Amino acid sequence: MSVETITTIIFFSWAGFMMLLERLYPYTKGMRFFRDGWWLDFIWYSVIQSYFLKILIFDYIIAPTKTYFGLENAGILSHWPIWALVLLFLFSHDFYIYWFHRLQHENKMIWRLHEAHHSVTEVDWLAGSRSHILEIIINQTIEFAPIILLLDNHTAAIVVPIKALIDAVWGMWIHSNIDAHTGKLQYVINGPEMHQWHHSNHQEVFFCNYSTKFAFWDWIFGTAFLPGLKPFKYQFLKPQKFGLPYDYPREYFAQNVFAFYRFDVKKFESIPLVRLYINWKEPIIKPFKKDKETMSGPSPNPQATE
Ligand SMILES: [Zn+2]
Ligand SMILES: [Zn+2]
């Protein structure tokens with residue numbers, strides 16, 4: 001079996017595992033499987049955008065760069081064992097992504113490439129896939145170019161799918177709506193406990209929890225926020241609201257344009273055709289909503305823990 005086949009099997013098994021745990025131990029209780037924006041994230045971001053960006057990044061950016069520098073048969077780091085290469089690229093890229101992510105939150109212009117990711121109002125295993133097209137091009141080029149440029153094609157063909165699998169698995173984990181309690185592991189390994197907070201619409205957390213895989217960057221560089229773990233005290237143990245504190249388009253192309261051109265979201269979404277497109281799934285979702293209301297009655301807020 002090829003590395004790609006094995007990583008693909010693990011990828012789908014992990015996605016299934018996340019979905020199952022979300023049903024059994026939900027972090028935010030009562031979240032529907034087809035939550036708000038699920039189809040957008042699945043069809044547009046996970047399938048269509050991923051497919052085209054993979055071709056663009058690997059075939060039209062990284063491959064020509066390798067040819068330009070005459071590195072096809074070089075493989076400067078190819079003599080390293082695979083596990084050491086995976087660790088090296090995992091660690092170095094994670095350090096980079098912490099700082100780039102932090103810059104995105106601190107710089108108003110670059111924030112516009114990241115706000116799409118924060119527009120998810122119900123965060124689940126699929127939510128991490130929502131990222132602006134340019135954000136993915138920048139981050140994945142920086143992530144995969146060193147692997148392909150420093151390794152010969154055969155070794156790169158092993159390391160790339162392993163690295164991509166780790167990204168996908170970890171991405172699903174940190175965004176998952178799973179009520180994990182990993183205790184002191186939260187100082188080392190990032191998970192939903194800290195990343196769900198990162199997606200919350202609480203001002204106190206707007207500049208916290210930038211880590212992706214290793215949580216220790218946040219603890220080392222003083223940007224960690226996790227009520228329930230020392231030294232944090234906060235009125236809530238879980239976020240009360242998620243997403244952006246301002247209007248943001250709900251449609252794929254509008255989201256990508258919004259980074260460069262601000263427009264009146266409410267006005268745009270009141271155009272009959274746009275409204276029809278955005279609300280096409282309403283007839284499917286409404287009956288579920290009704291069921292939930294009649295079953296549990298109007299509950300004030302199940303998440304208020306303190
Ligand atoms: Zn962020
Ligand atoms: Zn995220």
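Data table
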read-out: Region 139-182 - residue that is surrounded by fewer than 18 Cβ atoms within 10 Å (Cβ to Cβ) and of a type in the set (S, T, N, Q) and, of those, nearest to Gly128 (Cα to Cα); value: Thr141
read-out: Residues satisfying the stated conditions in region 200-219, i.e. more than 18 Å from Gln235 (Cβ to Cβ), in a loop (DSSP other than H, G, I, E, B) and not hydrophobic (A, V, I, L, M, F, W, C); value: Tyr210, Ser211, Thr212, Lys213
read-out: Residues of region 225-261 classified as in contact with a helix residue (DSSP H, G or I) (Cβ under 9 Å, 6 or more places away or on another chain), over 21 Å from Asp179 (Cα atoms), more than 16 Å from ligand 1 (Cβ to nearest atom) and part of a loop (DSSP other than H, G, I, E, B), total; value: 5
read-out: Hits in region 226-248 - residues which are more than 18 Å from the chain's Cα centre (by Cα) and surrounded by 19 or more Cβ atoms within 10 Å (Cβ to Cβ); value: Leu226, Lys238
read-out: Check on Asn190, touching a strand residue (DSSP E or B) at 6+ places or on another chain (Cβ under 7 Å) and either more than 21 Å from Gln235 (Cβ to Cβ) or within 12 Å of ligand 2 (Cβ to nearest atom) (or both); value: yes
read-out: Residue satisfying all of: in region 249-285; of a type in the set (S, T, N, Q) and over 23 Å from the mean Cα position of the chain (by Cα); modelled with the highest pLDDT among these; value: Ser270
read-out: Residues of region 77-111 satisfying the condition of being basic (Lys, Arg) and either away from ligand 1 (no atom under 16 Å from the Cβ) or surrounded by fewer than 17 Cβ atoms within 10 Å (Cβ to Cβ) (or both); value: Lys108
read-out: Inter-residue pairs, beta-carbon under 7 Å, first more than 18 Å from Asp167 (Cβ to Cβ) and in region 190-201, second assigned to a helix (DSSP H, G or I) and more than 12 Å from ligand 1 (Cβ to nearest atom), 6+ apart; value: Glu193/Gln186
read-out: Thr141 in contact (Cβ under 8 Å) with a residue 40 or more places away in the chain, under 19 Å from Trp83 (Cα atoms), of a type in the set (Ser, Thr, Tyr) and away from ligand 1 (no atom under 16 Å from the Cβ); value: no
read-out: Residue tally, condition within 12 Å of ligand 2 (Cβ to nearest atom) and free of Cβ contacts under 8 Å to residues at least 40 places away in the same chain, over region 101-124; value: 3
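Residue-by-condition table, conditions (1) assigned to a loop (DSSP other than H, G, I, E, B); (2) touching a Leu at 6+ places or on another chain (Cβ under 7 Å); (3) among the acidic types (Asp, Glu):
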| residue | (1), (2), (3) |
| --- | --- |
| Gly128 | no, no, no |
| Ile136 | no, yes, no |
| Ile158 | no, no, no |
| Val169 | no, no, no |
| Leu185 | no, no, no |
| Gln196 | no, no, no |
| Thr223 | yes, no, no |
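The values are calculated or read from the model by the stated rules, or taken from the named source; none is laboratory data. From a predicted model like this one, the values you see are computed outputs, not experimental measurements. Note: ideal-geometry Cβ built from the backbone for every residue, glycine included; neighbour counts use all protein chains shown.
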